[in-house]
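S.K.: The structure's right below; bear with me while I get my questions together.
The values are calculated or read from the model by the stated rules, or taken from the named source; none is laboratory data. As the structure is a prediction and not an experimental result, all values here were calculated from the model. A quick note on method: Cβ atoms are made from the backbone with ideal geometry, for glycine too, and the neighbour counts reach across all protein chains shown. Heads up: the accessible areas ignore ligands, DNA and RNA and are worked out on the full protein's heavy atoms, side chains in. Shrake-Rupley method; radii C 1.70, N 1.55, O 1.52, S 1.80 Å.
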There are 4 protein chains.
Amino acid sequence: MNGNRFGRLFQVTTFGESHGEAMGCTVSGCPAGLELSEEDIQEDLDRRKPGQSMITTSRGEPDDVTINSGIQDGYTTGTPIGMVIQNKDARSGKYEPFITAPRPSHGDFTYSAKFGTRNWGGGGRSSARETVNWVAAGAIAKKLLALQGIECKAHVNQIGDVEAPEVSFEEMLEHSEENDVRCAHPETAAEMQELIEEYQEEGDSIGGSIEFEARGVPVGLGAPRFDSLSARLGQAMMAIPAATAFEFGLGTEAAEWIGKDRNDDWEFDDDGNPVPVENDHGGIQGGISSGEPIYGEVTLHAPTSIPKSQQTADWETGELKEEQVIGRHDPVLPPRGVPVVEAMLALTLVDFMLLSGRLNPDRVDDQPGEYDTDYHPSNPRNE
Amino acid sequence: MNGNRFGRLFQVTTFGESHGEAMGCTVSGCPAGLELSEEDIQEDLDRRKPGQSMITTSRGEPDDVTINSGIQDGYTTGTPIGMVIQNKDARSGKYEPFITAPRPSHGDFTYSAKFGTRNWGGGGRSSARETVNWVAAGAIAKKLLALQGIECKAHVNQIGDVEAPEVSFEEMLEHSEENDVRCAHPETAAEMQELIEEYQEEGDSIGGSIEFEARGVPVGLGAPRFDSLSARLGQAMMAIPAATAFEFGLGTEAAEWIGKDRNDDWEFDDDGNPVPVENDHGGIQGGISSGEPIYGEVTLHAPTSIPKSQQTADWETGELKEEQVIGRHDPVLPPRGVPVVEAMLALTLVDFMLLSGRLNPDRVDDQPGEYDTDYHPSNPRNE
Amino acid sequence: MNGNRFGRLFQVTTFGESHGEAMGCTVSGCPAGLELSEEDIQEDLDRRKPGQSMITTSRGEPDDVTINSGIQDGYTTGTPIGMVIQNKDARSGKYEPFITAPRPSHGDFTYSAKFGTRNWGGGGRSSARETVNWVAAGAIAKKLLALQGIECKAHVNQIGDVEAPEVSFEEMLEHSEENDVRCAHPETAAEMQELIEEYQEEGDSIGGSIEFEARGVPVGLGAPRFDSLSARLGQAMMAIPAATAFEFGLGTEAAEWIGKDRNDDWEFDDDGNPVPVENDHGGIQGGISSGEPIYGEVTLHAPTSIPKSQQTADWETGELKEEQVIGRHDPVLPPRGVPVVEAMLALTLVDFMLLSGRLNPDRVDDQPGEYDTDYHPSNPRNE
Amino acid sequence: MNGNRFGRLFQVTTFGESHGEAMGCTVSGCPAGLELSEEDIQEDLDRRKPGQSMITTSRGEPDDVTINSGIQDGYTTGTPIGMVIQNKDARSGKYEPFITAPRPSHGDFTYSAKFGTRNWGGGGRSSARETVNWVAAGAIAKKLLALQGIECKAHVNQIGDVEAPEVSFEEMLEHSEENDVRCAHPETAAEMQELIEEYQEEGDSIGGSIEFEARGVPVGLGAPRFDSLSARLGQAMMAIPAATAFEFGLGTEAAEWIGKDRNDDWEFDDDGNPVPVENDHGGIQGGISSGEPIYGEVTLHAPTSIPKSQQTADWETGELKEEQVIGRHDPVLPPRGVPVVEAMLALTLVDFMLLSGRLNPDRVDDQPGEYDTDYHPSNPRNE
């Protein structure tokens, strides 16, 4: 209700402000017996970490995670996993002009108006620094999903007007970490990099988007109507800072498609089970996973913190003023957003794996096995 | 968890299948003292009802709502409002070819695989008929919001490749109900109508999209991070049958905007409070409502039920077959989707009004009044 | 939040007032494939029904249930089960003296103060008539549990100062329905009956208590710490109208027991698994079911509606007045409370069966099987 | 669902095992502007702390709390409050005999069977050490409630067969902290102390109970039917380790009371509002607070860890063995349980204050004021 927790059976609760003592999250609902170390989590944290390249903020956070509970001798115990990540390089000085004036299009005004208090250092709780918690929790979700043969991957498919051509899942896996932009199409990545640097030099920023895909998702995840897989993915992705659009399958393009073209005919797979001929439906039918890859896209607007001068209204002096948001900021969000999108995808899926009874919520060493998803005549009418 | 309820304090629980006895929903969390009759609800139900025009299905459902509880002498009592809507014109015969074979891109396969049973009549629970419940609940939400000066409106802004120019909120209010398409721009509505009829004649269907806007929303709604206003709107809208994309503010276009252009500078309003100069942020900043209009868009793919012949796989015979989905179906979804989008918008907002303490959850005759959203030095550091 | 729903995965949502149109409840989360008819539910409703004997109210409600959804050809479909029970014999006239004055120790004052409105007919939503919904939902829970070998039973073990001696589970099953009091010890039942009739003649009422037991509950149900099995049973039972105490195992007596006596030593069962020698722990250890029978007790205070004259304060006239609560009322609650306690027990257990992954949430024809609850060295430290 | 969180709007999420790195909890939903320091919390932690007297365990934990977020310059910011308490004096050695054999009546067997892993050090997550988190969160709840004039207090009213006479709220406030037993009746406290020491010397332990009371609770808290104030108090109190009974008002005694005696007549207070003449109803009517003091009792069984020899079953060797639970343990639970009961009472009440709209969820500097709870004719029928 208060917005600091995600997930229904695989529950993530987070805390922390950009310039507070520490960030942290508690994962409750991870079954016992999963091999897990701080290193497993660190890997994804490093992909999200500031200062990893010239096109990210230079804030120097090692983002080392400490696990305080829930692990014994390298395996989870089924009890909550408490994690803490210290904030080590907060420099609040640059934010002083904005103590009494909101930064344009940030959460400054809305947070201050809601809570009647101004946590100006680095944006306080409204900062995207919060996503360090999501990535930490997501790393655990990914490990659990991997045991079930489910893989979640994302890459940057658009920066400004530079769009990547369609890439395969394998290309995503292979190429997206090869360049600073995290675009799986190397040539496009280079173009994107150039564009970003251009805006960076101008003291401006630019928007973009991230494409995601999940493989190996079994048939049957999703709880329509209000908690359909698409609805919950929508919530998860739209919670990402700066997200302005969520699409799955054909997305906004679907407006222009006729039924005959969008509909996916049925054929049989080698085992004699019905499978769709194509996957224009994006892996979700009637709100439930179809067994086909789930894919979609998230749009992230340009970072609001820019060195360029902008007008703000000082509520103390009652005067308008022109200010620059100096600090250390990202000129573009998608490159560091890739592990965040993957985390939210994994967190959503692992939750549905538990909700659908596909995962034993207590322990990984005794799974229900693959549920029979053949069509069964469980009532006489069907016989 | 099971997907049949929406809302955290304003709670809607629904039941019903397309060809079952009745649809129904229970609204729990509506404060006492709201004047409410079946007529209030009927009005919106009639806008969603089948058979209302030549471009909707001809299924003849009066969709009369019966209220079983929660009302006394024309006013709500603060206790749950139980509503039932009988199904009166179900004709299952046409669905027989699909008893043992899934209709392309419907929920047939996924529901059958998940539940091991086949509710073939009209798609059972997967049918968009479910949204009759949402509209009923939404009508109550709208009445509550109206008391607080909040208005929710939607119209159809795209069908196939026909897009409406931007319209004002006032135009939406005035024109969207004047034509069968529910497009607030009369000339475009005519074009859309023509296009729809074309596809209808071909035995095909077409996609489209709906634009929505909420006026009068106070500053401070939304519970970042995971329950930001955008995240919860994302869930609400993506739960709508056939939704493939959700956007707010600039939506997918934001990918191409630079920070300086997208950022909204601050100025003062007549009362000396900071207000954004423009509203490129779509009424939500940092996940919380800014006091500006909230606007966005939902894309709905083409109806999957089409008279054109399609291939399906019969799991009983093990053979592929070509079948037509005959029945009585909509050639396009947005016109009947408009009240559905409005309902989900209203349900999301009223829930946040309660969660944010802007509405007394017990009774409408004693409201907290408008909360002070000036910036208050509630701690010494701010003084 | 609004109190009208129970359960996390097996979700019950209810509506209805004592003198409203109808009572009703929606059960969401029942797996597909369970054979279920209105008769299955009716059986328990008849045990709770008014007018069933001389020691219950004479209100003439047949309490016939109608199922509106979620069933196809006699089997559940995995989708929500909507049920309605009409109110047919409401007579509000007798309540008129209390329109502007609260009945002593009823919910009249608190409901009116909270909601600012007075639903005086039969107590409105505060009436114990609501439990008709619980019993309906509980009947479904019981059927599901029976498939897993779990049985829930209760009987009346105290009325006033008449206490029954300890009875076995088998005696409960055999004798509790043989007499109007629902006490499994026939001699005590006769004494209780006499006592009740005595108070009934005096125009007064009397308290009592109900003992419950669940057999066949597997090891591992319960989610400590806040959702331990005892905590959730506590909530479930204390929600019952007139409940003033909940006990499990030794209950309040445990205050006087020393550790050595209360502690249950361990031995081995025939399969070589550790089992407790006794069951002073009441089937729950550390908040989790131990595999032993779960037993406990609920105290219900005397009905507040009594023909004897009582003082109330009329807020309209500002005067005190002596009034009798005439109507048709129960002189004692436990006899009709037995199916209610069983229902709450079953609803709590079935929810934990789902939460613990012991039940496939989607379908009954493909269960995970009994989970291995031997002690497994799932990490090297344990080897 | 996983049991590690409590509260619906005032949300507490906890982690930690007895011998793990640290305990911790996150409080989400505390409004901004509450003056709060680590010292405020420490005070209650010190009352719960081990080693505080001769009748508690001698484990030497300072239980110093560190706040990682949610506070700025001594005031809450409305964002989650992350707290950590290090474990500093864990000594696992004494637990070695029980690595492969469950301690009698502990959570050892059930946790191991559920999770397939054995966290033997100090009982792992099943340890009562967890309540350090509850007390930390409860301290914040108490401060918030105090702003609204609500006070929560408890004391020990029974140890073994030694029962305290009834004491007033004022006596509780004045005397309960004066002795090690935390009994507000000094003479009884001395007797209890003697009894405890007797059992301690015998190497045994003894049960007892705690009485609680809340003053200043406004009319209208509670969300019947399933979330009535009594139901949620039942859950909260029964979650306390070793709780076997929860009572409010007359508790189990109500079984023997007749209606006429238990019913509380109505009179008028000085402002002309109806008030009950007595408070046999325990401050809750129809599941909703009546404005009278809320009082009740929790029974805690004797500590299961006792030096006396007990039989256990070693699942590795397959042999029965006699073992002593040596460690450092409490001979009785209620003295340290007093702040725990107060915490659970405060957490439950503050949650309902938010749920009932009596507290602005965003900020303490702008409260809705006291809601009008007079009886209002909000509909014509009432006029």
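S.K.: Output the number of the condition that A:Arg225 fails; it satisfies all remaining conditions of (1) more than 7 Å from chain B (Cβ to nearest Cβ); (2) farther than 26 Å from A:Ser209 by Cα.
M.R.: Against the list (1) more than 7 Å from chain B (Cβ to nearest Cβ); (2) farther than 26 Å from A:Ser209 by Cα, A:Arg225 comes up short only on (1).
S.K.: Working only within the range B:145-183, note down all residues that are under 17 Å from the mean Cα position of the chain (by Cα), crowded, with 19+ Cβ neighbours inside 10 Å and aliphatic (A, V, I, L, M).
M.R.: Answer for the range B:145-183, where residues must be under 17 Å from the mean Cα position of the chain (by Cα), crowded, with 19+ Cβ neighbours inside 10 Å and aliphatic (A, V, I, L, M): B:Leu145, B:Ile150, B:Ala154, B:Val156, B:Met172, B:Val181.
S.K.: Which of (1) closer than 20 Å to A:Asp264 by Cα; (2) in contact with a Phe, Trp or Tyr (Cβ under 6 Å, 6 or more places away or on another chain); (3) not small (Gly, Ala, Ser) does B:Asp108 not meet, given it meets every other one?
M.R.: So B:Asp108 meets the others, but not (2).
S.K.: Report yes if some residue within the range B:296-312 is among the hydrophobic types (A, V, I, L, M, F, W, C) and farther than 22 Å from B:Leu250 by Cβ; otherwise report no.
M.R.: yes
S.K.: More than 30 Å from B:Arg182 (Cβ to Cβ) and either within 14 Å of chain A (Cβ to nearest Cβ) or open to solvent by 20 Å² or more (accessible area, probe 1.4 Å) (or both): does that describe B:Gly116?
M.R.: For B:Gly116, the condition - more than 30 Å from B:Arg182 (Cβ to Cβ) and either within 14 Å of chain A (Cβ to nearest Cβ) or open to solvent by 20 Å² or more (accessible area, probe 1.4 Å) (or both) - is met.
S.K.: Now, a different point. With B:Pro62, B:Pro80 as the choices, which residue is under 30 Å from B:Arg363 (Cβ atoms), touching a residue at least 12 places away in the same chain (Cβ under 8 Å) and not polar (S, T, N, Q)?
M.R.: Step by step, each of B:Pro62, B:Pro80 is checked, and only B:Pro80 is under 30 Å from B:Arg363 (Cβ atoms), touching a residue at least 12 places away in the same chain (Cβ under 8 Å) and not polar (S, T, N, Q).
S.K.: If you go through the range B:47-63 one residue at a time, do you hit one that is out of contact with any Leu (no Cβ under 8 Å at 6 or more places or on another chain), modelled with pLDDT of 95 or more and β-branched (Val, Ile, Thr)?
M.R.: No, the range B:47-63 contains no residue that is out of contact with any Leu (no Cβ under 8 Å at 6 or more places or on another chain), modelled with pLDDT of 95 or more and β-branched (Val, Ile, Thr).
S.K.: Here are the criteria: (1) crowded, with 24+ Cβ neighbours inside 10 Å; (2) touching a Leu at 6+ places or on another chain (Cβ under 7 Å). Tell me which single one C:Gly124 does not satisfy.
M.R.: (2)
S.K.: Right, here's the next one. Can you name every residue in the range D:274-286 that is open to solvent by 10 Å² or more (accessible area, probe 1.4 Å) and part of a loop (DSSP other than H, G, I, E, B)?
M.R.: D:Val277, D:Glu278, D:Asn279, D:Asp280, D:Gly286
S.K.: Identify the single condition in (1) out of contact with any Ser or Thr (no Cβ under 8 Å at 6 or more places or on another chain); (2) modelled with pLDDT under 95 that D:Gly296 does not satisfy, given that it satisfies every other one.
M.R.: (2)
S.K.: Shifting gears a bit: Does the range A:193-209 hold any residues that are of a type in the set (A, V, I, L, M, F, W, C) and within 10 Å of chain B (Cβ to nearest Cβ), and which are they?
M.R.: If the condition is that a residue be of a type in the set (A, V, I, L, M, F, W, C) and within 10 Å of chain B (Cβ to nearest Cβ), then A:Ile206 is the only one that fits.
S.K.: Looking at (1) surrounded by 24 or more Cβ atoms within 10 Å (Cβ to Cβ); (2) more than 14 Å from chain C (Cβ to nearest Cβ); (3) among the charged types (D, E, K, R), can you tell me which one D:Lys88 breaks?
M.R.: (1)
S.K.: Which of the residues that make up the range C:288-317 are part of a loop (DSSP other than H, G, I, E, B), of a type outside the set (S, T, N, Q), touching a strand residue (DSSP E or B) at 6+ places or on another chain (Cβ under 8 Å) and at the interface with another protein chain (Cβ under 7 Å from one of its Cβ atoms)?
M.R.: C:His301, C:Ala302, C:Trp315
S.K.: Now a separate question. Looking at (1) of a type outside the set (S, T, N, Q); (2) open to solvent by less than 20 Å² (accessible area, probe 1.4 Å); (3) touching a residue at least 40 places away in the same chain (Cβ under 8 Å); (4) not in a loop (DSSP other than H, G, I, E, B), which is the one condition that is false for B:Ala101?
M.R.: (4)
Conditions (1) at pLDDT 95 or above; (2) crowded, with 22+ Cβ neighbours inside 10 Å; (3) more than 21 Å from A:Met238 (Cβ to Cβ), marked per residue:
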site: A:Pro303; (1), (2), (3): yes, yes, no
site: A:Ser309; (1), (2), (3): no, no, yes
site: A:Ala313; (1), (2), (3): no, yes, yes
site: A:Arg336; (1), (2), (3): yes, yes, no
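S.K.: Residue under question is D:Glu322, and the condition is that it be in contact (Cβ under 8 Å) with a residue 12 or more places away in the chain and closer than 30 Å to B:Ser356 by Cβ; does it hold?
M.R.: No: the conditions fail for D:Glu322.
S.K.: Another one. Scan B:Glu267, B:Glu253 and give me the residue that is under 30 Å from A:Gly3 (Cα atoms), under 30 Å from the mean Cα position of the chain (by Cα) and open to solvent by 10 Å² or more (accessible area, probe 1.4 Å).
M.R.: It is B:Glu253.
S.K.: With the checklist (1) over 20 Å from D:Lys153 (Cβ atoms); (2) touching a Gly at 6+ places or on another chain (Cβ under 7 Å); (3) touching a residue at least 60 places away in the same chain (Cβ under 8 Å) in hand, flag the one item D:Phe212 doesn't pass.
M.R.: (1)
S.K.: Of the residues C:Gly60, C:Gly74, only one is closer than 19 Å to C:Asp180 by Cα and exposed (fewer than 15 other Cβ atoms within 10 Å of the Cβ); which?
M.R.: Just a single option satisfies the conditions, and that option is C:Gly60.
S.K.: Same structure, new question: Which residues, taken from the range A:1-50, are within 14 Å of chain B (Cβ to nearest Cβ), hydroxyl-bearing (Ser, Thr, Tyr) and open to solvent by 10 Å² or more (accessible area, probe 1.4 Å)?
M.R.: Listed by number, the list is empty, since nothing qualifies.
S.K.: A further question on this structure: In this structure, is D:Asp261 modelled with pLDDT under 95 and open to solvent by 40 Å² or more (accessible area, probe 1.4 Å)?
M.R.: Here the answer is no, as D:Asp261 does not meet what is asked.
S.K.: Looking only at the range B:244-287, which residues are aliphatic (A, V, I, L, M) and within 7 Å of chain A (Cβ to nearest Cβ)?
M.R.: B:Ala245, B:Leu250, B:Ala254, B:Ala255, B:Ile258, listed by residue number.
S.K.: Restricting to the range B:205-229, name every residue that is among the hydroxyl-bearing types (Ser, Thr, Tyr) and either part of a loop (DSSP other than H, G, I, E, B) or open to solvent by 10 Å² or more (accessible area, probe 1.4 Å) (or both).
M.R.: B:Ser205, B:Ser228, listed by residue number.
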